[in-house]
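The values are calculated or read from the model by the stated rules, or taken from the named source; none is laboratory data. Model, not experiment: these values are computed from the prediction. Note that each Cβ is placed from the backbone with ideal geometry, even for glycine, and that neighbours are counted across all protein chains shown.
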Amino acid sequence: MSADLLDVRRIYYEPAAAALPRGKEILARFPAAHLVEVESHQRIPELYGDETNVDRWVRIKREALVLGVKKTLTARPNGRSADFIAPSTANGCAMACAYCYVPRHKGYSNPITVFANIDKISGYVTRHAARQGVKPQPNECDPSAWVYDIGENSDCSVDARISDNVRDLVEVFRWLPHAKASFATKHVNRDLLGWDPLGRTRIRFSLMPHPDAKLLDIRTSPIADRIAAIDDFVAAGYEVHVNFSPVVVRPGWLADWAELLDQLDAGIGPAAKSQLAAEVIFLTHNKDLHEVNLGWHPKAEDLIWRPDLQQPKLSQNGSWNVRYRTGAKGQYVSSLLDLIAARTPYCRVRYAF
């Protein structure tokens, strides 16, 4: 495990989580960590909701880990990237992408929280998938399988460096006849290559032009490394898609996306190309996150906080998001889709917004 990404020195734990087999395994993996008992993984004052933590944003991500029990198990309908959002085995992240929405829910710091009751999560997913039966018709998620996103609020490739939760779910889906797992990642973890998923797990490598990634994708695997991993993951039995996300509009953006698409085309072989599909997601930003970023990474905000190009929209949770202006955004989407069709015509776009 790279100390640059994770150097766990403090573990905040719920007693119920520490008593479970997975909890004991995680505590044993970090024997030198200072242990702090907490009543709830959701209420840790020194981690959540304290604006002074913005000065220690990356340090907390690297050094703190939270161990809890997932109380509510639901599979939420999605219908875009996946048919369902599976109950999470973790939330938070050790990486620090400037546009990430997770900090909106966890205050001023979002270290990884791992849930130790993996047996209950796996059992719930198995039963839920069994109740769905055969998928009656194809949709944009998948032509035949019910797709479950297992990493909505975390990066599973990073989570797999902390516990076996992700591997356990990949093994569950290996034997589910009508369902498959899916998760997006910005971290290349080659330990996953030995898991033998039998085509029942879809990994979506997130890609963006290098100039954007250098400024926005903090503490992630380089874009070139993500592209270089695609063939290996296909050979290892994964379905591999790409997320062109987030797409940031700026001077020269289309030229840089053309270069990225050429890099992708040159970097993958026939097997990967034959099964490749993409999600295209233009940037959505958030006013509260903008204020947080000004405290630790203001240069990123020059790129992603563009009131001249964006319009506000009140989200369902009552916070203000900003998106590219209606009308202009449609033109941006069309331009990028035309570019994808020209440079990587084999790459089917599952959806774009």
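Observations on the structure shown:
- Any hit, the range 218-232, residues being outside any loop (DSSP other than H, G, I, E, B), surrounded by fewer than 21 Cβ atoms within 10 Å (Cβ to Cβ) and in contact with a strand residue (DSSP E or B) (Cβ under 9 Å, 6 or more places away or on another chain): yes
- Figure legend. Inter-residue proximity from the range 107-126: first residues among the basic types (K, R), second residues crowded, with 18+ Cβ neighbours inside 10 Å and modelled with pLDDT of 95 or more, beta-carbon distance below 8 Å, spacing 6+ or different chains. Indicated pairs: K120/K70.
- Count of residues meeting criterion [surrounded by 11 or more Cβ atoms within 10 Å (Cβ to Cβ) and either touching a helix residue (DSSP H, G or I) at 6+ places or on another chain (Cβ under 6 Å) or not in a loop (DSSP other than H, G, I, E, B) (or both)] in the range 299-311: 7
- Highlighted here are the helices (runs of 4 or more DSSP H) found entirely within the range 2-91 that include at least 2 residues which are at pLDDT below 95 and of a type outside the set (S, T, Y): 57-63.
- Answer from V125, V166, V172 - the residue that is part of a helix (DSSP H, G or I) and touching a Cys at 6+ places or on another chain (Cβ under 7 Å): V166
- Of all residues in the range 238-247, none are over 19 Å from the mean Cα position of the chain (by Cα), among the hydroxyl-bearing types (S, T, Y) and modelled with pLDDT of 95 or more.
- Flag for Y124 being under 15 Å from the mean Cα position of the chain (by Cα), surrounded by fewer than 18 Cβ atoms within 10 Å (Cβ to Cβ) and not aliphatic (A, V, I, L, M): no
- Long-range neighbours under 6 Å by Cβ, at least six apart or interchain, first residue closer than 14 Å to H34 by Cα within the range 2-22, second aromatic (F, W, Y) and assigned to a loop (DSSP other than H, G, I, E, B): V8/F30
- In the range 148-163, of all residues being buried (at least 24 other Cβ atoms within 10 Å of the Cβ) and of a type in the set (A, V, I, L, M), the one that is farthest from K24 (Cα to Cα) corresponds to I150.
- Among the candidates L192, L169, L215, L207, residue that is in contact (Cβ under 8 Å) with a residue 40 or more places away in the chain, buried (at least 19 other Cβ atoms within 10 Å of the Cβ), within 30 Å of W305 (Cβ to Cβ) and of a type in the set (A, V, I, L, M, F, W, C): L207
- Check on V240, surrounded by 21 or more Cβ atoms within 10 Å (Cβ to Cβ) and not in a helix (DSSP H, G or I): yes
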